[in-house]
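Q: Just passing along the structure, written as structure tokens.
The values are calculated or read from the model by the stated rules, or taken from the named source; none is laboratory data. All of these numbers come straight from a predicted model, not from anything done at the bench. Don't worry about glycine lacking a Cβ; one is built from the backbone with ideal geometry, like all the others, and counts go over all protein chains shown. Ligands, DNA and RNA are stripped out before the accessible areas are found, and what is left, the full protein with its side chains, is counted by its heavy atoms. Shrake-Rupley method; radii C 1.70, N 1.55, O 1.52, S 1.80 Å.
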Amino acid sequence: MDTSSNEIWMNASNYDDWETSRPLLFRDDMREMFFKWFRVTSSDQVLDCGCGTGVLTRFIAKGLYNGFITGFDLSRHFVDYGNVKIKEEGLDDKARILREDGYNLSFDDNSFDVIVNHAYLGVLSDNVAGLKEMIRVCKHGGHVSASVSARSFPKINWDGDCPFPYRDQLNELLEKQERIYQKITTFSVLKQDSSWNVMRFPKMFSMCGLKNITFHPYASGFSYSDSYWPDDFKKYLIKTGVGREIEILEQERENPLYAENHFTNEEFNELIHLYNLKQDHLIENINNHENWDWNASMHYIVTGTKP
Ligand SMILES: C[S@@+](CC[C@H](N)C(=O)[O-])C[C@H]1O[C@@H](n2cnc3c(N)ncnc32)[C@H](O)[C@@H]1O
């Protein structure tokens, strides 16, 4: 078994990546749909694998009646942070997060009614071993799911009627940086299995013996003009979400492969400068309901039953 991906995740602590992006996917007004597609009922014992800070864990906990959800993650930082969030949200009678290695879970065979995850199986260096371990701890007749996002799924961006004035320069530089990122950040750099890329997960589910397999594509989307989201959350996204993009660029610029691929330090300076301007623009326009820009991306859920 190739467990090399554990080196990457063992000490991960990028909390904001999940706390800012995942609420856009797991929306309270979509819980019923997720329960249906994951095949969760409100009295189930559920396991959320590689749960990070537990955004999906808490989302499912809120829909449980006398069921319980256990999340697990390899990173002690995520586990500690996630358990604090569970307590803060008053969910400790419905959820907990444990530190576990998904290649070698401490749970008995046939322990859970439903096993879920989002963006976990795909980060593993041995996807099949990770899935087989999920199936091992699922009860016979229980259900195993993966919710999947892929960079190669097209993203929709609509710039709205009074967009950020430097959007063309920003988009052009971002596209260039993203092209180089895709080139230098290979499966082997990420220590991910390239043979079972996420598009092939439905096939992997059937190959691992799951039956009654279903495939449900879904979208997530966001607009700063959408009244669904409270202003506090929008401000959090602007400060922390856009702030995190800037932080990632600061880290990426240290990688000499960018210069080798003709993305210069000056271009990093310009990109970071434009992001700072965009942050100011978004804050200034937070109550400008004329500005209907929005973006959306695609994901899917694959689910199978353990015979
Ligand atoms: C892309 S993140 C997704 C986090 C979370 N599921 C979400 O979508 O918000 C992948 C997660 O898998 C965890 N992970 C990676 N390998 C693992 C392993 N062998 N056992 C447990 N967790 C693991 C990482 O620590 C990380 O939190």
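Q: Step through the residues of the range 138-144 one at a time and calculate ³J(HN,Hα) from phi using the Karplus curve (6.51 cos²θ - 1.76 cosθ + 1.60, θ = phi - 60°), rounding each to whole Hz and writing x for Gly and Pro.
A: Coupling constants for the range 138-144: 8, 5, 5, x, x, 10, 10 Hz.
Q: Not counting the cut sites, what is the longest span of the chain without trypsin sites (Lys or Arg not before Pro) that DSSP labels loop and that have at most 11 other Cβ atoms within 10 Å?
A: 156-307
Q: Still on this structure: So, counting K/R as plus one and D/E as minus one, what does the shell of residues with Cβ under 11 Å around Asp159 add up to?
A: -2
Q: How do Met298, Met207 stack up against each other in accessible area, from largest to smallest, with a 1.4 angstrom probe?
A: The ranking, largest first, comes out as Met207, Met298.
Q: Quantify, in whole percent, the carbon and sulfur part of the accessible surface of the range 96-193 (1.4 Å probe; protein heavy atoms only).
A: With neighbouring chains kept in place, the figure for the range 96-193 is 49 percent.
Q: Only Cα pairs under 8 Å and at least 6 apart count here; give the relative contact order of the chain as a rounded whole percent.
A: On the way: 517 pairs, mean separation 71.4, N = 307.
For the chain, the relative contact order is 23 percent.
Q: So what's the range 7-108 giving for Cα Rg divided by 2.2 N^0.38 Å, two decimals?
A: Working: Rg = 13.0 Å, N = 102, 2.2 N^0.38 = 12.8 Å.
The value comes to 1.02.
Q: Can you give me the relative contact order of the range 67-169 as a percent, contacts being Cα pairs under 8 Å and 6 or more apart?
A: Numbers: 110 pairs, mean separation 24.5, N = 103.
RCO, the range 67-169: 24 percent.
Q: Expected output is a single nm value to one decimal: the length gained when fully extending between Leu98 and Ser43, i.e. 0.36 nm times separation in residues minus the C-alpha distance. What is it? Kindly include the intermediate steps, with their values, before the conclusion.
A: Working: separation 55, 0.36 × 55 = 19.80 nm, distance 2.05 nm.
Length gained, Leu98 through Ser43: 17.8 nm.
Q: A further question on this structure: Under a 1.4 angstrom probe, counting protein chains only, how are Trp294, Trp18 ranked by accessible area, largest first? Could the numbers behind the result be given before it?
A: On the way: Trp294 110, Trp18 50 Å².
Largest to smallest exposure gives the sequence Trp294, Trp18.
Q: Lys235 label point, 7 Å along Cα→Cβ, cut-off 19 Å on backbone N: hits in the range 13-51?
A: Hits in the range 13-51 for Lys235 at 19 Å: 20-21.
Q: Could you please state how large a percent of the accessible area of the range 231-307 is carbon and sulfur, counting protein chains only and using a 1.4 Å probe?
A: 51 percent
Q: Wrap a convex hull around the Cα atoms of the chain, take a quarter of its surface area, and give that in square nanometres.
A: One quarter of the hull surface, i.e. the mean projection, equals 15.6 nm².
Q: Still on this structure, please answer the following. If I model a spin label as a point 7 Å beyond the Cα along the Cα-Cβ vector, how far apart are those points for Asn255 and Glu7 in nm?
A: 1.6 nm
Q: Could you please state, rounded to a whole Å, how far the C-alpha centre of the range 1-35 is from the C-alpha centre of the range 174-192?
A: 20 Å
Q: Here's a follow-up. How big is the charge dipole of the range 1-92 about its Cα centre, in debye rounded to the nearest 20, if each Lys and Arg gets +1 on its Cβ and each Asp and Glu gets -1 on its Cβ?
A: Numbers: 10 positive and 15 negative charges, 64 e Å.
That gives a dipole near 300 debye.
Q: Taking the alpha-carbon centroid of each part, what is the distance from the range 253-307 to the range 64-109 in angstrom?
A: 30 Å
Q: Mind ranking Asp168, Asp73, Asp101 by accessible surface for me, highest first, 1.4 Å probe?
A: I get Asp168, Asp101, Asp73, largest accessible area first.
Q: Then there's this: Structure shown: which of Lys139/Lys191; Lys36/Lys234; Lys176/Lys239; Lys62/Lys211; Lys62/Lys85; Lys85/Lys191 lie over 22 Å apart, alpha-carbon to alpha-carbon?
A: Where the Cα-Cα span goes over 22 Å, the pairs concerned are Lys139/Lys191; Lys36/Lys234; Lys176/Lys239; Lys62/Lys211; Lys85/Lys191.
Q: Relative contact order, percent, of the range 1-77 when contacts are C-alpha pairs under 8 Å separated by at least 6 residues?
A: 38 percent
Q: Can I ask one more? Give the peptides 221-233, 114-126 in descending order of average Cβ contacts within 10 Å, highest first. Mind showing how you got there, number by number?
A: Working: 221-233: 13.8, 114-126: 23.8.
Highest-to-lowest ranking by the protection proxy: 114-126, 221-233.
Q: Between Asp16 and Asp161, what is the FRET efficiency for a Förster distance of 45 Å, r being their Cβ-Cβ separation, to the nearest 0.05?
A: After rounding, the FRET efficiency stands at 0.90.
Q: Continuing with the same structure: Which listed residue (Tyr275, Phe233, Ala296) has the Cα farthest towards the positive end of the charge dipole for the range 175-307, taking +1 on Lys and Arg C-beta and -1 on Asp and Glu C-beta about the Cα centre?
A: Positive-end residue among those listed: Ala296.
Q: So with the 1.4 Å probe, I'd like the accessible area per residue for the chain, rounded to whole Å².
A: Normalised by residue count, the accessible surface of the chain is 49 Å².
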